[in-house]
């Protein structure tokens, strides 16, 4: 057997291997009993996975309508505009109206399955460029592996939904990775984008709290602003300005979720001129105001 001379890393092969590093940032994972789910035109900067244990839930994206089945999970890409409803208690045709509570192990599900939705959901980010993919809702048929993970996760969530042990975190991450691996390859076009655009994407992500001009970003890759703007739009299917705004709103959502910063604090931190400007951009991006998002009155 032939070995290479340099095996400091413990790999005897001389064949260089390149892997794609995907880092999951978990935002929430819950198992709820819903009696109302009238949510319209929601747009958020993170991934969602939905699963309903029983029938009655509907998701809508543009002209696509998904009658949710317990045999499938539904993956919603970041910045996808979508609506949801529970057909047996559909009241509102606009706005976000959710009524429900955590499912616990003392609830007899059989007594409520005709009246409520048993709804599992998890929100997460994958980082740049994987959080900027084509918007859409993707229906994935449950495999035995995914069913096994869902059974574990939902049963554990009935017992504990605040401080999760390592086993739960690992199984949740493996569930998410298995789920998104079933999405078609066209969704992941972003990983093959031009190196110059990738370099700017990384710079934007690191410096999202700063004011970022087209000219300064184009200068990073030694291109004229107009030329780089055309390249960026060609590669990312969005203008550089709109991309930066979306990433700033994504950062704002992260700050609202994980810090005690006020709306004024976030406005200043992200380089917006004033609260009115920030609120206008936030609502145009997510469909709701920063105050509603910060209050948590959505799902």
Shape of segment 125-215, Cα gyration tensor, a/c cut at 1.5: oblate
Spacing of the two label points (7 Å from each Cα toward its C-beta) at residue 21 and residue 134, in nm: 2.9 nm
Highest-MSF residue in the chain out of 210, 185, 69 [GNM, Cα springs under 10 Å]: 185
Spin-label zone in segment 102-117 - amide nitrogen under 13 Å from a point set 7 Å from the Cα of residue 159 along the C-beta vector: 105-106
In Å, descending, principal axis extents of the Cα set of the chain: 67, 64, 38
Of 94, 242, 18, the one that fluctuates the most in a GNM where the chain has Cα springs shorter than 10 Å: 18
Gaussian network model of the chain, Cα within-10 Å springs - most flexible of 173, 87, 234: 234
Residue 211-residue 152 FRET efficiency (beta carbon distance; Förster radius 35 Å; 0.05 resolution): 0.15
Segment 25-189: translational diffusion in µm²/s, Stokes-Einstein, Kirkwood Rh over Cα pairs, 10 °C, 1.306 mPa s: 98 µm²/s
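Under the 0.36 nm per residue contour assumption, what length would be gained going from the current alpha-carbon distance of residue 230 and residue 276 to full extension? Each step should come with its number before you reach the end.
Numbers: separation 46, 0.36 × 46 = 16.56 nm, distance 3.01 nm.
Result for the pair: 13.6 nm of gain on full extension.
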Cα pair distances of segment 236-289 binned at 5 Å [whole percent]: 4, 21, 32, 27, 11, 4, 1
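For the chain, what is the mean residue ellipticity at 222 nm derived from helices alone (per DSSP H run of n ≥ 4: -39500 (n - 2.57); sum divided by total residues; nearest 500 deg cm²/dmol)? Walk me through the numbers before you get to the answer.
Numbers: 9 runs with 106 residues, N = 299.
Taken over the chain, the calculation gives -11000 deg cm²/dmol.
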Cα centroid separation, segment 241-283 to segment 186-237 (Å): 20 Å
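We did not get these values from a lab; they are worked out from the coordinates using the rules stated. For clarity, every value in this text was computed on a predicted model and none was experimentally measured. Methodologically, a virtual Cβ is constructed for each residue, glycine included, from the backbone with ideal geometry; neighbour enumeration extends over all protein chains shown.
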